[in-house]
Amino acid sequence: METRVETTFRDLDGLNAGTFVRMLGPLTVLRNGVALDLPASRKARAIFGYLALSPHAIGRSHLCDLLWDVADDPRGELRWCLSKLRSFLDEPHRTRVQTSGDTVIFDLADCSVDAIAVAGAAEQGIGTLDLDRLLALSQLFVGDFLDGLEIDRSYSFNSWLTSQRRRLRACRVAILEQIVAKLPRGVDQASAHLEKWIELAPFDCRAHAILLATLAERGEIGDGEHHLAATVRLFESEQMDFEPIRAAWEAARGSGSPRLAQFVSVTPVPPITLDHDEAVPHATRRASLAVMPFAENTSGGIRGGLADGLTDDVITRLAKLRSLFVIARGSVFALADRGVSPEDAARRLNVDFVASGSVRRYANRVSVAVELVEARAARIVWADVFDHKHDDTFEVLDQIGNSIVSSIASEIEMVERNRALLKTPSSLNAWEAYHRGLWHMYRFTKEENELAQCFFQTAVRLDPTFAPGHVGLSFTHWQNAFQHWGDRESESDRAFETAGQSLLADDHNPAAHWAMGRALWLRGSAEESLRELERTVDLSPNFALGHYSLSFVRAQSGDPYAAIGSSDLSRRLSPFDPLLFAMLAARALAHARLGQFEEAAEWAVKAATRPNAHNIILATAAHCLALAGRIEEGRAFAATIHRRVPHYRIDDLLTSYRFNRDDAALFRQVAKRIGLD
């Protein structure tokens, strides 16, 4: 039986009741306020710590490999450790150490576990917590995670222990940052939390800036000068740029009303400088990302070989997308060479997100584990393991690299969309207005498309050089033309015009060429459209929407076999894309043109059942089902369309697409059978 551990915890005042497990410090278990005697065996306590954090059952073989490097009878020793844990953990009416077959799991569902409480808060979003909750979480930290529980020659366990300590320390820093932001200025409690923040993250420019601004506000100029000098020496010792901190001190000391608020704000800021408001237009903040070098686990965690090559490839491909500020290879590799953890590197580089991972090679397999963390909230945004058989290692790593790049880009875009949605429209910069527009655009209704257009217009008004804003505008005009929400000719012209503006802003942006390729298709220039879309994927082979649009155009008037390949590639690159319904529909159209009507129907139904599929996709499914002889199913989709748009007919579908005469005649023929003639 699998029993998941609770991710909540009782208030500290309530620890005298029930069972409380302290892992943020030396391992301690309290039952009704009384400390239990833990087993003397360090490995038994290590098993307790490992299983307490596991949400699922763990195999005995895995536990043996984790803790016993060389042992005559590791399973016998494991049984002995489990018996010791049962003796103090099990209760008369509750068996907490549960075994089933060859697996072990702890039932701690009614217990309070401090490390799980912190991890749960990070998953929820530390920035969403109120001050009382943050203060209670902060009090849980009395030391490092499982302090003093390293096990000699248990390398796998010690590696796990180190990674957990890093993650929970990053959570603690994020909690302290939020507390400092939310406590009233000048109170001693705020100063104490700020000092602890600096102690744990000595290279976090924001923490130093807040402290210096606070000292200036109090008139403690001498203390500020001493802190600045000490901080400069610290940064110089690590060959790091200290000018942002010096600039923060000069701004705070020299102003009659020190600008503390701009440093206390926990909204992420671009790398390089803290006083960027004067140097950078109000608009052009892109989400920033550091990809730390992947570890090569086959070499005992030491970097090199395939891992370094994969890291370099991922950095390059992400930079080619031009939608993110990606820290250059030299900086992240230099920090990794100094043993800096991903979480610490993110704060030193002042980035919004950090990605890290590991590469493991077996006899005939390559396994790559990756995770993406929102740096200042210490929240895992995405994690996955890519495990592939391989004949050609480099070909497999190329496929894995594609998946990693696309997943990171799409996950960051989703986070940024959701973040922009929570802000008031008047407070948005161009980057945020653009992502707010994306949120509305992906609803695929006329009203939402109009709202999206307004936000994209805001983005380009705030920064006319911001290419994504023009791309977004082109998309909304394209939708108006394609879905008959406006005059097709004039909307096609506007889609073309705004795509041209995106190219003027950034000719190397693949999305700009994508917008132009789609606009050219609207204007009836299929060959020019394909050339522009091919330019898109040349610039960024990982740009999923470029491959989708190649499939879309080829499915109607080009090579249908190539359309199927492009559709499959676009879905591999972005399996949860908001335009997934369109990727599926393009493949359906290609099968229909090949006379493979049953396959066309299957793919079209998949497209139509996506939650944001619009009427054209439903009509595509209705006609493909009719071509396959599945008339009743086709009529059901037609009825759904008529409930939305009573007068929808085959001409509406054919004027959206650009079929040749024979294919159009085929669709007209079956339209009569489902009531869409």
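The values are calculated or read from the model by the stated rules, or taken from the named source; none is laboratory data. All figures in this text were calculated on a predicted structure; none of them were measured in a lab. All Cβ positions, glycine included, derive from the backbone under ideal geometry; neighbour counts span all protein chains shown.
Would it be correct to say that Ala209 is touching a helix residue (DSSP H, G or I) at 6+ places or on another chain (Cβ under 6 Å), crowded, with 20+ Cβ neighbours inside 10 Å, part of a helix (DSSP H, G or I) and in the same structural domain as Ala252 (by TED's automatic domain parsing)? Walk me through it before giving the result.
Working: touching a helix residue (DSSP H, G or I) at 6+ places or on another chain (Cβ under 6 Å): yes; crowded, with 20+ Cβ neighbours inside 10 Å: yes; part of a helix (DSSP H, G or I): yes; in the same structural domain as Ala252 (by TED's automatic domain parsing): yes.
Yes; evaluated as a whole, the condition is true for this residue.
Report yes if Phe106 is modelled with pLDDT under 90 and hydrophobic (A, V, I, L, M, F, W, C), otherwise no.
Values: modelled with pLDDT under 90: no; hydrophobic (A, V, I, L, M, F, W, C): yes.
Taking the combined requirement at face value, the residue does not satisfy it.
Six or more apart or on different chains, Cβ under 8 Å: which pairs go from a residue in the range 608-629 that's over 16 Å from Ala590 (Cβ atoms) to one that's assigned to a loop (DSSP other than H, G, I, E, B) and of a type in the set (Lys, Arg)? Could you list them?
Asn612/Arg443
Please state which of the following conditions Ser549 fails to meet, knowing it meets all the rest: (1) closer than 27 Å to Val645 by Cα; (2) outside the structural domain of Arg587 (by TED's automatic domain parsing); (3) not basic (Lys, Arg).
With respect to (1) closer than 27 Å to Val645 by Cα; (2) outside the structural domain of Arg587 (by TED's automatic domain parsing); (3) not basic (Lys, Arg), Ser549 is out only on (2).
Is at least one residue of the range 291-305 within 26 Å of Phe466 (Cβ to Cβ), buried (at least 19 other Cβ atoms within 10 Å of the Cβ), of a type outside the set (Asp, Glu) and modelled with pLDDT of 90 or more?
At the first step, the residues of the range 291-305 found to be within 26 Å of Phe466 (Cβ to Cβ) are 291.
Pick out the ones that are also buried (at least 19 other Cβ atoms within 10 Å of the Cβ) and you get 291.
So of that shortlist, the ones also of a type outside the set (Asp, Glu) come out as 291.
Filter again for modelled with pLDDT of 90 or more, leaving 291.
Yes, some residue in the range 291-305 is within 26 Å of Phe466 (Cβ to Cβ), buried (at least 19 other Cβ atoms within 10 Å of the Cβ), of a type outside the set (Asp, Glu) and modelled with pLDDT of 90 or more.
Among the residues of the range 457-485, count how many are within 24 Å of Asn615 (Cβ to Cβ) and in contact with a His (Cβ under 8 Å, 6 or more places away or on another chain).
Result for the range 457-485: 1.
Which numbered condition in (1) surrounded by fewer than 20 Cβ atoms within 10 Å (Cβ to Cβ); (2) closer than 30 Å to Trp431 by Cβ is the only one that Asp344 fails?
Going through the list (1) surrounded by fewer than 20 Cβ atoms within 10 Å (Cβ to Cβ); (2) closer than 30 Å to Trp431 by Cβ, Asp344 breaks only (1).
Checking the conditions here, which among Arg587, Arg658 is in the same structural domain as Lys672 (by TED's automatic domain parsing) and either touching a Lys or Arg at 6+ places or on another chain (Cβ under 7 Å) or crowded, with 18+ Cβ neighbours inside 10 Å (or both)?
Working: Arg658 fails: either touching a Lys or Arg at 6+ places or on another chain (Cβ under 7 Å) or crowded, with 18+ Cβ neighbours inside 10 Å (or both).
Of Arg587, Arg658, the one residue that is in the same structural domain as Lys672 (by TED's automatic domain parsing) and either touching a Lys or Arg at 6+ places or on another chain (Cβ under 7 Å) or crowded, with 18+ Cβ neighbours inside 10 Å (or both) is Arg587.
Does any residue of the range 548-566 turn out to be assigned to a helix (DSSP H, G or I), over 23 Å from the mean Cα position of the chain (by Cα) and acidic (Asp, Glu)?
Looking only at the range 548-566, we keep the residues that are assigned to a helix (DSSP H, G or I), and these are 548-557, 560-566.
When the remaining residues are screened for being over 23 Å from the mean Cα position of the chain (by Cα), the result is 549-557, 560-566.
Keeping just the survivors that are acidic (Asp, Glu) gives none.
Among the residues of the range 548-566, not one is assigned to a helix (DSSP H, G or I), over 23 Å from the mean Cα position of the chain (by Cα) and acidic (Asp, Glu), which makes the answer no.
Picking from Glu77, Glu150, which residue would you name as being more than 31 Å from the chain's Cα centre (by Cα) and in a loop (DSSP other than H, G, I, E, B)? Steps first, answer last, please.
Details: Glu77 fails: in a loop (DSSP other than H, G, I, E, B).
None of the others qualify; the one that does is Glu150.
Which condition from (1) surrounded by fewer than 21 Cβ atoms within 10 Å (Cβ to Cβ); (2) in contact with a Cys (Cβ under 8 Å, 6 or more places away or on another chain); (3) in contact (Cβ under 8 Å) with a residue 24 or more places away in the chain is the one that Leu129 breaks?
The one condition Leu129 does not meet is (2).
Checking Glu528 against (1) out of contact with any helix residue (DSSP H, G or I) (no Cβ under 7 Å at 6 or more places or on another chain); (2) surrounded by fewer than 19 Cβ atoms within 10 Å (Cβ to Cβ), only one condition comes out false. Which one?
(1)
Results for (1) in contact with a His (Cβ under 7 Å, 6 or more places away or on another chain); (2) hydroxyl-bearing (Ser, Thr, Tyr); (3) crowded, with 17+ Cβ neighbours inside 10 Å, shown as yes or no for each residue.
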position	(1), (2), (3)
Gly33	no, no, no
Pro39	no, no, yes
Ala52	no, no, yes
Asp73	no, no, no
Lys84	no, no, yes
Asp90	no, no, no
Thr99	no, yes, no
Glu123	no, no, no
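With respect to Ser427, determine if the residue is surrounded by fewer than 21 Cβ atoms within 10 Å (Cβ to Cβ) and under 19 Å from Ala287 (Cβ atoms). Spell out how you get there, then give the answer.
Values: surrounded by fewer than 21 Cβ atoms within 10 Å (Cβ to Cβ): yes; under 19 Å from Ala287 (Cβ atoms): yes.
Answer is yes for this residue.
When the residues of the range 147-201 are filtered to those that are of a type in the set (Val, Ile, Thr) and out of contact with any helix residue (DSSP H, G or I) (no Cβ under 9 Å at 6 or more places or on another chain), which remaining residue is farthest from Asp69 (Cα to Cα)? Give the steps one after another, and end with the answer.
Step one: of the range 147-201, the residues of a type in the set (Val, Ile, Thr) are 151, 162, 173, 175, 179-180, 187, 198.
Filter again for out of contact with any helix residue (DSSP H, G or I) (no Cβ under 9 Å at 6 or more places or on another chain), leaving 162, 187.
On the way: Thr162: 18, Val187: 51 Å.
So, considering only residues that are of a type in the set (Val, Ile, Thr) and out of contact with any helix residue (DSSP H, G or I) (no Cβ under 9 Å at 6 or more places or on another chain), the one farthest from Asp69 (Cα to Cα) is Val187.
For the range 356-375, indicate whether the set of residues that are more than 22 Å from the chain's Cα centre (by Cα), surrounded by fewer than 23 Cβ atoms within 10 Å (Cβ to Cβ) and acidic (Asp, Glu) is non-empty. Explain how you work it out, then say what you get.
Going through the range 356-375, the residues more than 22 Å from the chain's Cα centre (by Cα) turn out to be 360-366.
Of the ones still in play, those that are also surrounded by fewer than 23 Cβ atoms within 10 Å (Cβ to Cβ) are 360-366.
The next check asks that each one be acidic (Asp, Glu); those that pass are none.
Looking for residues that are more than 22 Å from the chain's Cα centre (by Cα), surrounded by fewer than 23 Cβ atoms within 10 Å (Cβ to Cβ) and acidic (Asp, Glu), one finds none in the range 356-375, hence no.
Could you tell me which numbered condition Trp485 fails, if it satisfies all but one of (1) over 24 Å from Ser410 (Cβ atoms); (2) in a helix (DSSP H, G or I)?
Condition not satisfied by Trp485: (2).
Please report, ordered by residue number, the helices (runs of 4 or more DSSP H) entirely within the range 340-457 with at least 3 residues that are closer than 21 Å to Phe543 by Cα and not aliphatic (A, V, I, L, M).
Details: elements: 342-349, 393-421, 430-441.
Once the helices (runs of 4 or more DSSP H) in the range 340-457 are filtered for at least 3 residues that are closer than 21 Å to Phe543 by Cα and not aliphatic (A, V, I, L, M), what remains is 393-421, 430-441.
Please work out which residue is modelled with the lowest pLDDT, limiting yourself to the range 548-573 and to residues that are buried (at least 24 other Cβ atoms within 10 Å of the Cβ) and under 22 Å from Arg417 (Cβ atoms).
Leu573
Filter the range 574-584 down to the residues that are touching a residue at least 12 places away in the same chain (Cβ under 8 Å) and outside any helix (DSSP H, G or I), then identify the one that is surrounded by the most Cβ atoms within 10 Å (Cβ to Cβ).
Filtering the range 574-584 for residues touching a residue at least 12 places away in the same chain (Cβ under 8 Å) gives 574, 576-584.
Of the ones still in play, those that are also outside any helix (DSSP H, G or I) are 574, 576-579.
Numbers: Ser574: 23, Phe576: 11, Asp577: 19, Pro578: 21, Leu579: 20.
Within the range 574-584, the match that is surrounded by the most Cβ atoms within 10 Å (Cβ to Cβ) is Ser574.
If I go through the range 439-466 residue by residue, how many of them are touching a residue at least 60 places away in the same chain (Cβ under 8 Å) and either in contact with a Leu (Cβ under 7 Å, 6 or more places away or on another chain) or not hydroxyl-bearing (Ser, Thr, Tyr) (or both)? Step through it out loud before you land on a result.
Of all residues in the range 439-466, those touching a residue at least 60 places away in the same chain (Cβ under 8 Å) come to 442-445, 459, 462-463, 465-466.
Next, only the ones that are either in contact with a Leu (Cβ under 7 Å, 6 or more places away or on another chain) or not hydroxyl-bearing (Ser, Thr, Tyr) (or both) stay: 443-444, 459, 462-463, 466.
The qualifying residues number 6.
Looking only at helices (runs of 4 or more DSSP H) that lie completely in the range 606-677, which have at least 2 residues being within 20 Å of Ala582 (Cβ to Cβ) and in contact with a Ser or Thr (Cβ under 7 Å, 6 or more places away or on another chain)?
Values: elements: 615-627, 631-644, 650-656, 661-671.
Helices (runs of 4 or more DSSP H) meeting the threshold: 615-627.
Looking only at residues in the range 417-470 that are under 21 Å from the mean Cα position of the chain (by Cα) and of a type in the set (Ser, Thr, Tyr), which one is farthest from Ala582 (Cα to Cα)?
Tyr434
For the range 233-265, which residues satisfy the criterion of being outside any helix (DSSP H, G or I) and either touching an Asp or Glu at 6+ places or on another chain (Cβ under 8 Å) or at pLDDT 85 or above (or both)? Spell out how you get there, then give the answer.
Our first condition is that a residue be outside any helix (DSSP H, G or I); within the range 233-265, this holds for 238-242, 255-259, 265.
The answer is Phe242, Pro258.
Any residue at all in the range 600-608 that is closer than 18 Å to Phe444 by Cα and basic (Lys, Arg)?
Yes, the range 600-608 has at least one match.
What is the number of the single condition among (1) over 14 Å from Thr311 (Cα atoms); (2) charged (D, E, K, R); (3) surrounded by fewer than 21 Cβ atoms within 10 Å (Cβ to Cβ) that Arg436 does not meet?
(3)
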